[in-house]
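Here the structure is laid out as structure tokens; the discussion comes afterwards.
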Amino acid sequence: MRVNVVARFLAGLVGGGATRIRYMPEPCHVVPRAIEALAAVGVSIDPAAVDLKPVRLSGGEDAGDAAGTTAAAAAMADEGLACVVTIGGDGTNRAAVTGWPDAVLVPLPGGTNNAFAISIDPTAAGIAAARFTARPADFAGHLRPVPVLEVLIAGGRSTIALVDVAVVRGTWVGAHAIWEPDLLVEAIVARSDPTVSGLAGVGGMVHPLNGEVAALHLRFGGEGRRVLAPLGPGQIVPMVIRDWRAVGPREAVTVPGPNGPDAGGPVTLAFDGEREIVLRPGESAEVTLVADGPRVLDAAELLRGTGGLPG
């Protein structure tokens, strides 16, 4: 499936006039396979007209994990590219932004939870990306800054999340989406939309943000509002939201809450579904919404404005 999406995007990108393309080297060789798939149906990419090759990573290795995605995004930034397309879930986009904080993103869905992605045909997205990269200044009006959650952890560590920060019972870490509602203590969500899955969908069940520059702080369990929530794809589960409140930009939220039932820990912090940091008893973190995060290209709006005009 991913090869098909990449092939369609490349067809739009090259058809739209892009002449310089870099991609992330990875173990499955998705981009070379997509190029072969295009050639099999008569769509060839002329190497004399299109400079297409993988970025060079410091160790020369394939980028097969989140750290590799971060390294590849940083390498693309160093090469001065105009934008980067991602095909993955919320965690993939977070990894890319970690490597290239002020990137212009074209995020296409391809993961477990896809609250951050845009909804557009991959071929159309490729045409829009080609037009933007040819004249970035002319199309700057189609860039949409998106908020991020900045997280300051005990000991001076820091990180970000694009969609949600969750406090989860236990100390297990790893890239595993949170589908067990009983493990959730609280969460801060920067996106709240009932049409997507994950914690963004849970937040959307109580208060869709609908363009508000705000986040929601949700606390779970006990007595409260009972909802059926899309915690994961195909995972409609009953949940109890004890309370929630809107959080404005630069308003810090301490997790776990000092008066909550899990204040003594240990708990794990999950960022966009990636369980990464264990907080021991007495440790906490501060989560703050920052309004001016990375920029997303509104590819659909760009195409509607330019129609069939050449890039």
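The values are calculated or read from the model by the stated rules, or taken from the named source; none is laboratory data. Keep in mind it's a predicted model, so treat the numbers as computed, not measured. Quick reminder, even Gly has a Cβ in these numbers, built from the backbone with ideal geometry, and neighbours come from all protein chains shown. Just the protein is used for accessible areas: all its heavy atoms, side chains included, with ligands, DNA and RNA removed. Shrake-Rupley method; radii C 1.70, N 1.55, O 1.52, S 1.80 Å.
Tell me, what is the percent relative contact order of the chain, built from C-alpha pairs under 8 Å that lie six or more residues apart? Walk me through the numbers before you get to the answer.
On the way: 705 pairs, mean separation 60.2, N = 311.
Relative CO of the chain lands at 19 percent.
Which one, [x] 19.5; [y] 20.3; [z] 21.5, gives Kirkwood radius over Cα pairs in Å as derived from the coordinates shown?
The value computed from this structure is option [y].
Would you pull out the residues with amide H under 5 Å of G232's amide H, same chain only if 5 or more places away, H placed 1.01 Å from N?
So G232 has HN proximity to G198.
P(r) for region 135-220, please, calculated from all Cα pair distances in 5 Å bins and given in %.
Calculated P(r), rounded to whole percents: 3, 12, 20, 22, 17, 12, 7, 4, 2, 1.
Over all directions, how big on average is the projection of the convex hull of the alpha-carbon atoms in region 11-74, in square nanometres? If you can, show how the numbers build up before the last one.
Details: hull surface 19.1 nm².
Quarter of the Cα hull surface area: 4.8 nm².
Calculate the translational D of region 74-196 in whole µm² s⁻¹ from Stokes-Einstein, where the hydrodynamic radius comes from the Kirkwood formula applied to all Cα pairs, the temperature is 20 °C and the viscosity 1.002 mPa s. Don't skip to the end; give the middle numbers.
On the way: Rh = 16.2 Å.
In µm²/s, the coefficient is 132.
Pick from A72, A137, A103: which residue has the top mean-square fluctuation in a GNM of the chain where Cα pairs under 10 Å get a spring?
The residue that fluctuates most here is A137.
Please report the net charge: other residues with Cβ closer than 12 Å to the Cβ of L13, K and R +1, D and E -1. Before the final figure, lay out the partial values.
On the way: positive: R8, R20, R22, R131; negative: none.
Here the count lands on +4.
How large is ³J(HN,Hα), in whole Hz, for each residue of region 230-236 in order, when computed from phi with the Karplus curve 6.51 cos²θ - 1.76 cosθ + 1.60 and θ = phi - 60°, using x for Gly and Pro?
x, 5, x, x, x, 10, 8
Once the convex hull of the C-alpha atoms of region 129-284 is built, how many Å³ does it hold per residue, rounded to a whole number?
Details: hull volume 21.6 nm³, N = 156.
Once divided by residue count, the hull of region 129-284 is 139 Å³.
Ignoring ligands, DNA and RNA, what percent of the accessible area of the chain is carbon or sulfur (1.4 Å)? Intermediate results must be reported in sequence, preceding the final value.
Numbers: 7480 of 13880 Å².
Carbon and sulfur atoms account for 54 percent of the accessible area of the chain.
Find the accessible area per residue for the chain; the probe is 1.4 Å, ligands and nucleic acids are left out, and the unit is Å².
On the way: 13880 Å² over 311 residues.
Per-residue accessible area for the chain comes out at 45 Å².
Collect residues whose amide H, placed 1.01 Å from N in the peptide plane, falls under 5 Å from the amide H of E251; neighbours closer than 5 in sequence don't count.
So E251 has HN proximity to L289.
Only helices at least 27 Å long along their axis, Cα-based, and averaging 0.0 or more on Kyte-Doolittle count here, so list those DSSP H runs from the chain. List each step's numbers first, then the result.
Details: long enough: none.
Answer set is empty.
Sort region 1-143 into rounded, prolate or oblate with this rule: let a ≥ b ≥ c be the square roots of the eigenvalues of the Cα gyration tensor; rounded if a/c is under 1.5, and if a/c is not under 1.5, prolate when a/b is larger than b/c, oblate otherwise.
Values: a/c = 1.26, a/b = 1.11, b/c = 1.14.
Verdict is rounded for region 1-143.
Let me make sure I get this right: for region 195-275, a, b and c are the square roots of the gyration tensor eigenvalues over alpha carbons, sorted descending. Under 1.5 in a/c it's rounded, otherwise prolate if a/b > b/c, else oblate. Which is it? Working shown, then result.
On the way: a/c = 1.45, a/b = 1.15, b/c = 1.26.
It is rounded, given that a/c, with a ≥ b ≥ c, falls under 1.5.
Considering only C-alpha atoms, what is the centroid distance from region 150-204 to region 20-96, in Å?
Region 150-204 and region 20-96 have Cα centres spaced 28 Å from each other.
Tell me which residues come under 5 Å, amide H to amide H, from D243 once H is placed; ignore anything under 5 positions away on its chain.
Hits under the 5 Å cutoff: R219.
Of V97, P136, V31, which is farthest towards the positive pole of region 1-136's charge dipole, taken about the Cα centre with +1 and -1 on the beta-carbons of Lys, Arg and Asp, Glu respectively?
P136
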